[in-house]
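A short write-up of the structure that comes next.
FYI, it's all coordinate maths here, none of it is from the lab. It should be emphasised that the depicted structure is a prediction, and the values quoted were computed from it without experimental measurement. Here the Cβ is made from the backbone with ideal geometry for all residues, glycine too, and neighbour counts use every protein chain on show.
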Amino acid sequence: MKIKLENVRLAFPTLFEAKTVNGEGKPAFSASFLIAPDDPQVKAIEQAIEQVAKDKWGAKAEAILKQMRAQDKVCLHDGDLKSNYDGFPGNLYVSARSATRPLVINKDKSPLTEQDGKPYAGCYVNASIELWPQDNNYGKRVNASLRGVQFLRDGDAFAGGAPADESEFDDITDGAAATDLV
C-alpha cells in the first residue's frame, strides 16, 4: 500500500549509494522520517499498517499485529528508542529501505544528485513509501519500501548535515576584499 508522507524530517539518509548496516546484509538505500505523534498522518500510517496486516493475515491480523508492535517489528517506531540521536526523542519515525535507488527530486521535481548537498539529515521532505507484509523464515513484520524523496525545505542539520551556502562568503572578485587578505 503506497503512502505519501508530507513535511517530515529526514534522518539517516542513504539515498544515492546503497550501503550495508554495520557491514551486514545486502546493500540497500534507506532513510528514516521523523513525525510528531500528534501529526494527522500518524493515524493514516497506523490504518495502512492495519490494512496491510488484515490483507495478509486475515482474522489473525489483530493478534499478529499486537505481537509485532510489542517487538517493534512494524515500520512505525517510537523515536524515544533512539533518544541518543538528534530529532528522535518525543517523535515517531518511519523506517524505509529499498534494494533499488529511490527517486530523489527537488521542490520543482528536478532530479537531485549527491553533489547537490540535499536532501540531508535534518531537512524536511515529502516521501513516497510502500508498506508490505513480511512473513518468512526471518519472521513476521510490516515493512516500508522507500520509493522516493522530494526535498521540501531546509531544517537544522543533524551531525554532518548540509554543506555551506554561498551567502556565508563575501565577494572577493577583482580585489573587492582581496586587499584585506594581504
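Quick notes on this one:
- Relative to the longest principal axis of the Cα atoms of the chain, helix 61-70 runs at roughly 50 degrees.
- Lysines whose Cα lies under 25 Å from that of Lys140, excluding same-chain neighbours fewer than 8 positions away: Lys2, Lys4, Lys19, Lys26, Lys43, Lys54, Lys56, Lys60, Lys66, Lys73, Lys82
- Length added when fully stretched, Asp156-Asp108, from 0.36 nm per residue minus Cα-Cα: 15.1 nm
- Mean Cα-pair separation over length for the range 1-47, i.e. relative contact order, pairs under 8 Å, 6 or more apart, %: 36 percent
- Inter-probe distance in nm under a simple model that places probes 7 Å from Cα toward Cβ, at Ala36 and Ser83: 2.1 nm
- Helix axis angle, 40-57 relative to the chain longest principal axis, alpha carbon, degrees: 40 degrees
- Near Asp156, once Lys and Arg are set to +1 and Asp and Glu to -1 for all other residues with Cβ below 13 Å from its Cβ, the sum equals 0.
- A DSSP coil position with no more than 11 other Cβ atoms inside 10 Å describes the following chymotrypsin sites (Phe, Trp or Tyr not before Pro) in the range 56-150: Tyr138.
- Paramagnetic reach from Lys2 in the range 114-131 [backbone N under 11 Å; point 7 Å along Cα→Cβ]: 128-130
- Cα-Cα pairs of the chain separated by more than 24 Å (percent): 44 percent
- Pairwise label distance in nanometres, Thr20 with Trp57, each label 7 Å out on the Cα-Cβ vector: 3.1 nm
- Counting only trypsin sites (Lys or Arg not before Pro) that DSSP places in a loop and that have at most 15 other Cβ atoms within 10 Å, the longest clean stretch of the chain runs over 1-106.
- Note on the chain: with a GNM built from Cα contacts shorter than 10 Å, the maximum mean-square fluctuation among Ile64, Ile35, Ile129 falls on Ile64.
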